Amino acid sequence: MQTSSCLLEEGDEMAAANDDSVYAGPTNGVRAVTNASAIINLDHGDPTMFESFWRRIGEKGTIVIPGWQTMSYFSDATKLCWFLEPDFAHEVRRLHGLVGNAVVEERHVIVGTGSTQLFQAALYALSPPDASEPMSVVSAVPYYSSYPSVTDYLRSGLFRWSGDAHAFKGETYIELVCSPNNPDGTIKEAVLKSKFGKTIHDLAYYWPQYTAIVGTADHDIMLFTVSKSTGHAGTRLGWALVKDRDVAKKMVKFIELNTIGVSKDSQLRAAKILKVVSDGYELPNPDGMDKLFDFGRRLMAARWERLHEAVKASGFFSLPEFSSGFCMFFKERTATYPAFAWLKCEKEEIRDCEGFLKEHNILTRSGKHFGVASEFVRVSMLDRDENFDLFVKRISSLGSSHLSQKV
């Protein structure tokens with residue numbers, strides 16, 4: 001999933017972005033802040049760490065759209081997904097073929113305004129319109145924090161949030177499987193099994209910069225997003241690979257009723273971005289400068305190493321352990337580097353880890369939003385270098401600063 005229901009209200013977050021007390025790294029029009037009291041906002045998964053790669057790529061990732069282009073509602077009125085730009089569909093299939101992370105043969109490609117819209121479209125498509133009660137929507141804890149709020153936002157008569165898949169009793173349901181999981185980075189499989197149950201696989205993080213590509217995902221509905229694959233969250237684009245034609249038609253109908261299609265300008269930009277990624281591996285690239293997944297893996301590996309050292313130095317926290325696997329894409333054994341750190345406060349006196357870190361001007365997301373205890377927090381690993389550097393330094397010093405306060 002791509003959209004986050006952040007703990008800060010939207011207005012508060014916008015105000016924070018323009019407040020010198022909040023450190024968000026250098027951005028266009030926002031001054032970088034480096035003072036020790038700066039607030040580090042790692043509550044949301046804004047993938048700005050990829051900025052340096054795309055700055056280096058330069059004109060290769062640039063697209064110019066003439067004023068007369070993309071004016072029609074329709075991309076191809078004869079196609080099932082009539083607002084899907086052919087170039088974007090081609091580059092989606094090409095990229096999956098390159099990475100090997102999902103089956104694209106005999107699949108319908110459906111484009112959405114972020115994978116959140118596609119998630120809603122899938123719920124609509126899988127819920128019987130004439131059922132006596134709403135379809136139960138479940139996911140195993142810790143589940144993505146936006147699943148409950150997005151499911152129940154409109155109080156639909158078609159579906160409703162029913163919590164932890166492990167605790168669900170019933171034969172009729174829609175199970176959400178996020179793998180690698182947001183927030184804890186684990187590889188997940190469906191918990192429930194029933195001939196009346198349906199499953200949606202959210203594979204936003206199944207890319208080689210985060211985890212080993214150990215197999216080609218082959219599920220009925222698979223959701224992906226430009227946000228976490230290339231870092232272009234602002235493009236607001238995701239796609240679904242759907243096996244069943246009738247389900248795909250219903251998803252397209254939802255998007256038609258919801259937004260009358262999806263921005264063609266965004267699709268053209270995303271097509272260019274995905275093309276640059278695939279070209280970086282399929283065309284001559286002697287210095288390897290154009291290889292996005294190599295860049296992402298190196299950066300994530302370095303960040304996770306530094307975070308482990310900081311957590312050890314603090315003596316306050318623990319992190320999950322991950323096994324390595326043979327990656328079909330890199331053709332070697334690789335470790336797991338999740339997009340989020342699932343941090344647990346190990347001190348008995350600290351029951352509210354989010355509140356404790358907030359006292360030290362670090363904003364995170366509490367485990368209670370993911371269906372688990374408040375000793376856990378989710379921390380974004382995807383922010384700019386300056387922000388991440390400040391976070392690691394502050395985590396490292398927490399042990400000594402807390403001890404000095406007691407003394």
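Things to note:
- Reach of residue 331 by Cα under 23 Å, taken over lysines that are not fewer than 8 positions away in the same chain: 188, 228, 275, 291
- q = 0.07, 0.10, 0.12 Å⁻¹, the chain: log10 I(q)/I(0) [Debye, one scatterer per Cα]: -0.33, -0.69, -1.01
- Across all Cα pairs in segment 74-282, the calculated P(r) in 5 Å bins from zero up to the longest distance comes to 1, 7, 16, 21, 21, 16, 11, 5, 2, 0, 0 percent per bin.
- Here the label points at residue 216 and residue 386, each 7 Å from Cα along the C-beta direction, are separated by 4.4 nm in the simple model.
- Options 216, 296, 251, ranked by Cα towards positive dipole end of the chain, top entry (Cβ charges): 216
- Model label sites at residue 326 and residue 346, defined 7 Å from Cα along the beta-carbon direction, differ in position by 3.4 nm.
- By the count of other C-beta atoms within 10 Å, a proxy for reagent exposure, 146, 52 are ordered fewest to most as 52, 146.
- Mean Cα-pair separation over length for segment 74-282, i.e. relative contact order, pairs under 8 Å, 6 or more apart, %: 29
- Estimated [θ] at 222 nm from DSSP helical runs (n ≥ 4, -39500 (n - 2.57)) normalised by residues in the chain, nearest 500: -11000 deg cm²/dmol
- Descending semi-axes in whole angstrom, ellipsoid equivalent of segment 233-380, from the Cα gyration tensor: 36, 26, 15
- Calculated FRET value between residue 245 and residue 104, using beta carbons and R₀ = 22 Å, to 0.05: 0.90
- The distance linking segment 325-353 with segment 220-288 is 27 Å (Cα centroid to Cα centroid, whole angstrom).
- Placing unit charges on the Cβ atoms of the charged side chains and taking the dipole of the chain about its Cα centre, the candidate lying farthest along the positive direction among 58, 109, 73 is 109.
- Straight Cα distances below 20 angstrom link residue 193 to the lysines 169, 243, with same-chain residues fewer than 8 positions distant left out.
- Relative contact order %, the chain, counting alpha carbon pairs below 8 Å whose residues are six or more apart: 23
- Between 0 and 90 degrees, the angle of helix 114-126 with respect to the longest Cα principal axis of the chain falls at about 50 degrees.
- Between residue 285 and residue 79, the contour length at 0.36 nm per residue exceeds the Cα-Cα span by 70.6 nm.
- Positive-end ranking of 371, 206, 308 along the dipole of the chain, with charges on Cβ about the Cα centre, is headed by 206.
- Rounded to the nearest 20 debye, the dipole magnitude of the chain is 460 debye, with +1 charges on Lys and Arg beta carbons, -1 on Asp and Glu beta carbons, and the Cα centre as origin.
- Of the peptides 374-383, 97-106, 180-189, the order by per-residue mean of other Cβ atoms within 10 Å, starting with the highest, comes out as 374-383, 180-189, 97-106.
- A Förster radius of 30 Å combined with the Cβ-Cβ distance from residue 155 to residue 193 puts the calculated FRET efficiency at roughly 0.55.
Only the coordinates and a few stated rules stand behind these numbers; no lab work does. Quantities reported herein were computed from a predicted structural model and do not represent experimental measurements. Cβ: placed from backbone, ideal geometry, glycine included. Neighbour counts: every protein chain shown.
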